[in-house]
Amino acid sequence: MGTILVFNAIKAIRLSLKEFLEFESYNVEFEEELNSAYSKLISTEYDAVICDIDPSRMEGVALLEKVRQNNNKTPFLMMVKELDLDVIVKNHI
């Protein structure tokens, strides 16, 4: 299969995703910091990115915006730990 970049600050989520994705025969790489994740996406071709939308930090959305500005079309799967419709609408998620 392909390679997926997981951008998430929570170790338990990263490890759970790694276990599931590797079981499905994907290669998995991790990043916890926005700039490091962005650098990897610019220098490496990934089949997908899985990241969180943390309303207090908005780093997942910031990463997506930075990547799209460089015409990178890597698919993103955005996860949210709690649904706050006001935050989602306000930030156009």
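The values are calculated or read from the model by the stated rules, or taken from the named source; none is laboratory data. Everything numeric here is computed off the predicted structure, so don't read it as measured data. When we count neighbours, we look across all protein chains shown, and the Cβ atoms used for this are built from the backbone with ideal geometry, even at glycine. Quick note on the areas: whole protein, heavy atoms, side chains included, nothing else; ligands and nucleic acids left out. Shrake-Rupley method; radii C 1.70, N 1.55, O 1.52, S 1.80 Å.
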Yes or no: residue 49 touching a Lys or Arg at 6+ places or on another chain (Cβ under 6 Å), open to solvent by less than 40 Å² (accessible area, probe 1.4 Å) and aliphatic (A, V, I, L, M)?
no
Positions within segment 14-43 being open to solvent by less than 70 Å² (accessible area, probe 1.4 Å), part of a helix (DSSP H, G or I) and over 20 Å from residue 62 (Cα atoms), in sequence order
17, 18, 21
Subset tally (residues that are not β-branched (Val, Ile, Thr) and not in a helix (DSSP H, G or I)) for segment 44-76:
17
